[in-house]
1. Would you check if GLY232 is part of a helix (DSSP H, G or I) and away from the ligand (no atom under 11 Å from the Cβ)?
2. Looking only at the stretch 194-250, which residues are in contact (Cβ under 8 Å) with a residue 40 or more places away in the chain, farther than 24 Å from ILE156 by Cα and surrounded by fewer than 16 Cβ atoms within 10 Å (Cβ to Cβ)?
3. Does LEU74 fit the bill of being in contact with a strand residue (DSSP E or B) (Cβ under 8 Å, 6 or more places away or on another chain) and at pLDDT below 95?
4. Give the number of residues within the stretch 35-53 that are within 19 Å of the chain's Cα centre (by Cα), away from the ligand (no atom under 16 Å from the Cβ) and crowded, with 18+ Cβ neighbours inside 10 Å.
5. Restricting attention to the stretch 286-311, which residues are under 23 Å from LEU359 (Cα atoms) and part of a loop (DSSP other than H, G, I, E, B)?
6. Give just the number: which of (1) touching a strand residue (DSSP E or B) at 6+ places or on another chain (Cβ under 9 Å); (2) surrounded by fewer than 16 Cβ atoms within 10 Å (Cβ to Cβ) does ASN140 not satisfy?
7. Report, by residue number, each residue of the stretch 76-103 that is β-branched (Val, Ile, Thr) and farther than 12 Å from ILE156 by Cβ.
8. Among ARG213, ARG225, which is the only one that is in contact with a helix residue (DSSP H, G or I) (Cβ under 7 Å, 6 or more places away or on another chain) and of a type in the set (D, E, K, R)?
Amino acid sequence: MRKLQMVDLKSQYEKIKETVDSSIQEILENTTYINGPHVHAFQKNLETYLGVKHVIPCANGTDALQIAMMGLDLKPGDEVITADFTFAATVEVVGLLQLTPVLVDVEMDTMNISIEALKKAITPKTKAIVPVHLFGRAANMDAIMQIAKEHNLYVIEDNAQAIGANYTHADGSKTKAGVIGHVAATSFFPSKNLGCYGDGGAIFTNDDALAHRIRGIVNHGMYERYHHDVIGVNSRLDSIQAAVLDAKLPFLDTYSAARRLAAFNYNKAFENNPNLGTPAFDMEGDDHVFHQYVMRVTNGQRDALLAHLQAAGIPCAIYYPIPLHSQKAYADTRYKEEDFPVTNQLVKEVIALPMHTELDEEQITFITSTINTFLNA
Ligand SMILES: *Cc1c(COP(=O)(O)O)cnc(C)c1O
C-alpha cells in the first residue's frame, strides 16, 4: 500500500511536473518574479473558470479576507457576523480592523452557519455577514443573501475551503461558491483544493467599483504611481505561485471529482456503522468538494479512535478542537454557552480522515476497516 498521508502533494506534483517546472524555469530566466505575465494569465483564467468579473490576487487567504473588508469601508465598531465553528482567520481580521466579531452557532448536518442563529444576532450595528463554506460545502447562500438584502448587509464569502464547488439555488440554477456574495476571499495555501507551493490568495467580486478600490488597497493604496489615496497594504501573489496555480487550474474539476469519489467510498464503507455521522452529499451533484472529510463519532469514542488511528499509522486530525467563542483572543461576555449547542458538540465528535486527490481504494479500505473494527468491537 502507498504511504498514508493527510494530504499527498508530491504524487499530485509528479503528474504536472513538466508544466510546473518549465514555467518556473521561464520565470527564473526572465526574472519576472513580481507581477509577471503568469499572474495576469492566472487571474484571467480563474475569472473565466468561476464566471466572475474580477479576481484580484493577493498574498494569502487571511489577507484576502482583510482586504475585502477594507474595500467595503467597514468602520470600527461595525458588527460582522460569522460562524463559531471555523478556522480563526475570519474572526482575526475582523478584530484587527477593530470591527466587532459576532460569533454564531452552526447547523449539525452541514456544519455551516445556522440561519436561525444568524437572524437572531442581527442588531442595528450589523454591517456584514461572513459565511464560511466549511470543508468544501457552500453555506445556505439563498437564505443568507435574502437576510442580507432585508437588512442591507454585505456578504463576504470565506471561500478558502470551497473553490470549485457549486451552489445550487432553490430554483435549481447553479453558481460557483465565492461568486454569490458581494465579495469573496480564497486561499491558495498548499493543502487547499487549489493550492500553490507557498502562500497565495485572491479576492473575487462582480462589483467594478469595489474591484477598483481593492486593486489599490493591495498595492499600498496607490491608484496612480506614488499617489496614495487610501491606506493600503502590500499583498501580492508572486509569479512562481501564479504559474503553479495556472498549471493546476485546468485540473481543478478532476481534483474535485477525485475528492468526491474518496468521500463516497468512505461513506459507503461506514454505511452500516451506527457510531458514525458521515457527511451527506449527492454524488451526482457537485456541491461538496471535500476540502476535508470530516465525520462525527457519536458514541463518545472520538479521542480513543484518534489515538488508535495514530498508533496504526493512519493520519487524522481534529478540525476544529475549540470553538472560537472559547478562545482567549475572541472571548466576549456577550456569548453564553447555551447559544452554541452544535459547535460545543461538534468539537467533541469530529474527526478528519486523509483527504486528497491521490487516495486509492486500497488505502480507503485499510482506513475504513480499521475504523469499523475499532468502533464496533
Ligand atoms: C485556510 C483558511 C484561511 C486562511 O488562508 P491562508 O492562506 O492560510 O491565510 C481562511 N479561512 C479559512 C476557512 C481557511 O480554511
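The values are calculated or read from the model by the stated rules, or taken from the named source; none is laboratory data. A quick note: this is a predicted structure, and the numbers were derived from the prediction, not measured. Cβ: placed from backbone, ideal geometry, glycine included. Neighbour counts: every protein chain shown.
1. Working: part of a helix (DSSP H, G or I): no; away from the ligand (no atom under 11 Å from the Cβ): yes.
For GLY232, the condition - part of a helix (DSSP H, G or I) and away from the ligand (no atom under 11 Å from the Cβ) - is not met.
2. Matches in the stretch 194-250: GLY198 only.
3. Against the criterion (in contact with a strand residue (DSSP E or B) (Cβ under 8 Å, 6 or more places away or on another chain) and at pLDDT below 95), LEU74 qualifies.
4. First, the residues of the stretch 35-53 that are within 19 Å of the chain's Cα centre (by Cα): 43, 46-47, 49-52.
Those still in the list that are away from the ligand (no atom under 16 Å from the Cβ) too: 43, 47, 49-52.
Pick out the ones that are also crowded, with 18+ Cβ neighbours inside 10 Å and you get 43, 50, 52.
The total comes to 3.
5. ASP286, ASP287, VAL289, PHE290, HIS291, GLN292
6. Condition not satisfied by ASN140: (2).
7. Initially, the stretch 76-103 is screened for residues β-branched (Val, Ile, Thr), giving 80-82, 86, 90-91, 93-94, 100, 102.
Passing the criteria: THR86, VAL91, THR100, VAL102.
8. On the way: ARG225 fails: in contact with a helix residue (DSSP H, G or I) (Cβ under 7 Å, 6 or more places away or on another chain).
When all the criteria are applied, what remains is ARG213.
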